[in-house]
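Only one structure is covered here, and it is reproduced in the block below.
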Amino acid sequence: MAADRPTDTADNTSSDAPRRLNFVQQIIEDDLRTGKWEGRVATRFPPEPNGYLHIGHAKSICLNFGLARQYNGTCNLRFDDTNPVKEEQEYIDSITADIRWLGFEGPVLFASDYFGQMYTWAVQLIQDGKAYVCDLSAEEVRAHRGTLTAPGTDSPFRNRSVAENLDLFERMRRGEFPDGSRTLRAKIDMASPNMNLRDPAMYRILHAHHPRTGDHWCIYPMYDWAHGLEDSIERITHSICTLEFENHRPLYDWFLDALGIYHPQQIEFARLALNYTVMSKRKLLELVKTKRVSGWDDPRMPTLSGLRRRGVTPESIRTFCADVGVAKFNSTIDVTRLENAVRDDLNKRAPRVMAVLNPLKVVITNYPEGQSEELDAVNNPEDASAGTRRVPFARELFIEAEDFMEDPPRKFFRLGPGREVRLRYAYFITCQEAVKDAAGNITELRCTYDPATRGGDAPDGRKVKGTLHWVSAAHAVDAEVRLYDRLFNVENPDKVEEGQDWKDHLNPESLRTIPAAKLEPNWREAANRASWTDEIARVQFERQGYFALDADTAKAGRPVFNRTVTLKDTWAKIAGK
RNA sequence: GGCGCGCUGGUGUAGCGGCAGCAUCGCGCACUUUGAAUGCGCGGGUGCGGGUUCAACUCCCGCGCGCGCCGCCA
């Protein structure tokens, strides 16, 4: 099941086997069969540029762009920029870049380009007696709206004449009234059991500078009014959004029908939720603003830019989204599934390199001083075409401090006094002595090597339980390594108890920095043997995990690596017990 | 209160009347110059009560429980 599984599609259409369609695909195929849209499939991804994209958006992006790809249709990237007070050019730029990084492209459009058309349509509704200008304040509107159980009451301005409404609306547009003083409302039904239909606002007055339209407008359309129009203008066929818009669908339909214009079908699906993180833009923004993380692209963030910097590949995000599927009910996905998709991809593609994070010096006492040699190491056991490289070996080495125990427990396969292990691609060594300082800390190991085991095999067939990674001390390159862990130490940070704050569950150990890890000297050439669509260098540090070269490398004057994800570590589990 | 959705193994889900599958997680075994990867095995059908049917996890009805939404945000 490994080799032939498509790893780069956003859908689950495997060529063989009966295809299992998700419910959206079913709707589309039914429509294709009945010719509902003349065989067209047109979707859109409509982010509001008020924050960075996160893994939850990736699901929607993969769905919308994936559907278009699958059915030979189109998918527009449409910025839903209808609220200038929250939106910024920075977000427009990051969203565009993130989508391209994820591997999708399509026309880039802006809702703000339709403001003129929307205005014309609003006038039409007024003329038809289906919209009116209301002078109630926000609080008064709330009071008139009624409650969950009680119907609302009509606004005293509900029955203004068409002429007066037209005049007032025009003056709203011209900027004659202050923010919040009036709204244009749809005349629907103040007694509707669906609160969304109790004369919802279509336009509010906002004297705000818009990133694209500047100061041309001082009235801005509300989502419910605008969204269907945007879809209609773009002749979208399937307008896919998340579950919370289900109650808005009657409104979506009402506006389009009242106007008598092209009418796409709105379909709702469950957004992605992941444990051990938060996904709301509000909370992510707060983490950024309060400096709990270094920015939107902090590698601990669930943002696409954070995941990218962390080293996660776009391919693995796409397979993850395909694996997760599309359903009509909310559920929380275990992050381990994301991590797994990442390991799966990286295992096949990442070149192996040896790096010692927590160095312990080893002296090979029977290896000649001043001598060194080069040993062959394979770059990727999963990919023969990756070839081999030469790794220098000498008398003084570093191994991982955790790979030695003075008094090893039964199941510990690594080095201990008198024990023999293999140094990967090098020799068998036996520990003769652990040298300690005055405080009793082990400062150095004195070992002997068996020259006959060069390359790592014993001619006499002798076996060894453990294989350690290592680096020649004289040849090692220092690197900064950033070890990341989950941002929160509880599964659901959104669920807070009385008197607690969601930020109380931030994991204090989500970042651990190692200033001077020891890398094998040819790490860069080794890493560059693989090519990545985003040109971020990624490697596996053998026995430890996958790491990505951070852009800070340039200013740090030494390589800086981010740990993307660890390797599975069954010893850690055993040791933890 | 309304609308919508769900209730299958530890978890997340698939099946659209007759075989319960996938992923993940856990455990075990094999193999192994990454305790990695890989391969194999083990771990389930009830939310409750009715009905339709030769046959229901799948269809229908009622109940229960859970979740989501109800801003001059999107």
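Tabulated data for the structure shown
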read-out: Centre separation in Å (Cα based) which lies between the stretch A:333-400 and the stretch A:72-134; value: 50 Å
read-out: Prolate/oblate/rounded label for chain A (Cα gyration tensor, a/c 1.5); value: prolate
read-out: Per residue accessible area in Å² of the stretch A:115-221, where ligands, DNA and RNA are left out and the probe is 1.4 Å; value: 47 Å²
read-out: Chain A, relative contact order [Cα under 8 Å, separation at least 6], %; value: 12 percent
read-out: Whether the stretch A:179-279 is rounded, prolate or oblate, judged on the alpha carbon gyration tensor where a/c under 1.5 counts as rounded; value: rounded
read-out: Karplus 3J(HN,Hα) series, Hz, for the stretch A:404-421 with 6.51 cos²θ - 1.76 cosθ + 1.60 (x for Gly, Pro); value: 10, 9, 5, 10, x, x, 3, 8, 7, 8, 8, 7, x, x, x, 8, 10, 9
read-out: Free-standing Cys residues across chain A, given no other cysteine C-beta under 4.7 angstrom; value: A:Cys75, A:Cys134, A:Cys218, A:Cys241, A:Cys431, A:Cys447
read-out: 1.4 Å probe accessible area per residue over the stretch A:224-275, in Å²; value: 30 Å²
read-out: Charge dipole of chain A about the Cα centre (unit charges at C-beta), most positive-ward option of A:Ala548, A:Asn64, A:Gly418; value: A:Gly418
read-out: Given charges at beta-carbon only (K, R positive; D, E negative), |dipole| of the stretch A:454-510 in Debye; value: 680 debye
read-out: Average Cα contact separation per residue, the stretch A:115-221, under 8 Å, 6 or more apart, as relative contact order %; value: 27 percent
read-out: Qualifying trypsin sites (Lys or Arg not before Pro) in the stretch A:249-291, DSSP loop, other Cβ atoms within 10 Å at most 11; value: A:Lys291
read-out: The stretch A:115-221, dipole about Cα centre (Lys/Arg Cβ +1, Asp/Glu Cβ -1), debye to the nearest 20; value: 200 debye
read-out: The stretch A:390-477: trypsin sites (Lys or Arg not before Pro) falling in loop per DSSP and having at most 13 other Cβ within 10 Å; value: A:Arg410, A:Lys411, A:Arg462, A:Lys463, A:Lys465
read-out: Positive-end residue, chain A charge dipole about Cα centroid, Cβ charges, pick of A:Ile236, A:Asn330, A:Gly461; value: A:Gly461
read-out: Portion, in percent, of the accessible area of the stretch A:115-221 that falls on carbon or sulfur, probe 1.4 Å; value: 51 percent
read-out: Peptide ranges A:351-357, A:426-432 listed from the most packed, as the mean C-beta count within 10 angstrom indicates; value: A:351-357, A:426-432
read-out: Percent carbon-and-sulfur accessible area, the stretch A:337-392, ignoring ligands, DNA and RNA, probe 1.4 Å; value: 42 percent
read-out: 3J(HN,Hα) from dihedral phi, the stretch A:282-298, Karplus parametrisation 6.51/-1.76/1.60, rounded to Hz, x for glycine, proline; value: 4, 6, 4, 4, 5, 4, 5, 5, 8, 6, 6, 10, 6, x, 4, 9, 4
read-out: Share of carbon and sulfur in the accessible heavy-atom surface of the stretch A:439-534 [1.4 Å probe, %]; value: 44 percent
read-out: Helix-only mean residue ellipticity at 222 nm for chain A, each DSSP H run of n ≥ 4 adding -39500 (n - 2.57), per residue, nearest 500; value: -8000 deg cm²/dmol
read-out: For the stretch A:343-429, accessible area per residue (1.4 Å probe, heavy atoms of protein chains only), Å²; value: 43 Å²
read-out: Given charges at beta-carbon only (K, R positive; D, E negative), |dipole| of chain A in Debye; value: 1020 debye
read-out: Amide H partners (placed H, <5 Å) of A:Leu375, local residues excluded; value: A:Val391, A:Phe393
read-out: A:Asp450/A:Arg142 FRET efficiency (R0 56 Å; Cβ-Cβ; nearest 0.05); value: 0.10
read-out: A:Ala273 versus A:Leu21: modelled label distance in nm, points set 7 Å from Cα along the beta carbon direction; value: 2.9 nm
read-out: Global geometry of the stretch A:352-483, whether rounded, prolate or oblate, following the gyration tensor of its Cα atoms and the 1.5 cut on a/c; value: rounded
read-out: Out-of-range pairs (alpha-carbon distance over 23 Å; input A:Lys187/A:Lys328; A:Lys361/A:Lys518; A:Lys411/A:Lys518; A:Lys463/A:Lys518; A:Lys436/A:Lys465); value: A:Lys187/A:Lys328; A:Lys411/A:Lys518; A:Lys463/A:Lys518; A:Lys436/A:Lys465
read-out: Karplus 3J(HN,Hα) series, Hz, for the stretch A:305-312 with 6.51 cos²θ - 1.76 cosθ + 1.60 (x for Gly, Pro); value: 5, x, 5, 4, 5, 5, x, 5
read-out: Acute angle (nearest 10 degrees) that the helix A:55-70 long axis makes with the longest principal axis of chain A, alpha-carbon atoms; value: 80 degrees
read-out: Listed residue (A:His227, A:Asn196, A:Pro368) projecting farthest to the positive dipole end of chain A, Cβ model; value: A:Pro368
read-out: Where GluC sites (Glu not before Pro) fall in DSSP loop in the stretch A:502-553, at most 11 other Cβ within 10 Å; value: A:Glu509, A:Glu535
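The values are calculated or read from the model by the stated rules, or taken from the named source; none is laboratory data. What you are looking at is a predicted structure, and each value in this text was computed from that prediction instead of being measured. All Cβ positions, even for glycine, are placed from backbone atoms using ideal geometry, and neighbour counts span all protein chains on display. The area values use the complete protein model at the heavy-atom level, side chains included, leaving out ligands, DNA and RNA. Shrake-Rupley method; radii C 1.70, N 1.55, O 1.52, S 1.80 Å.
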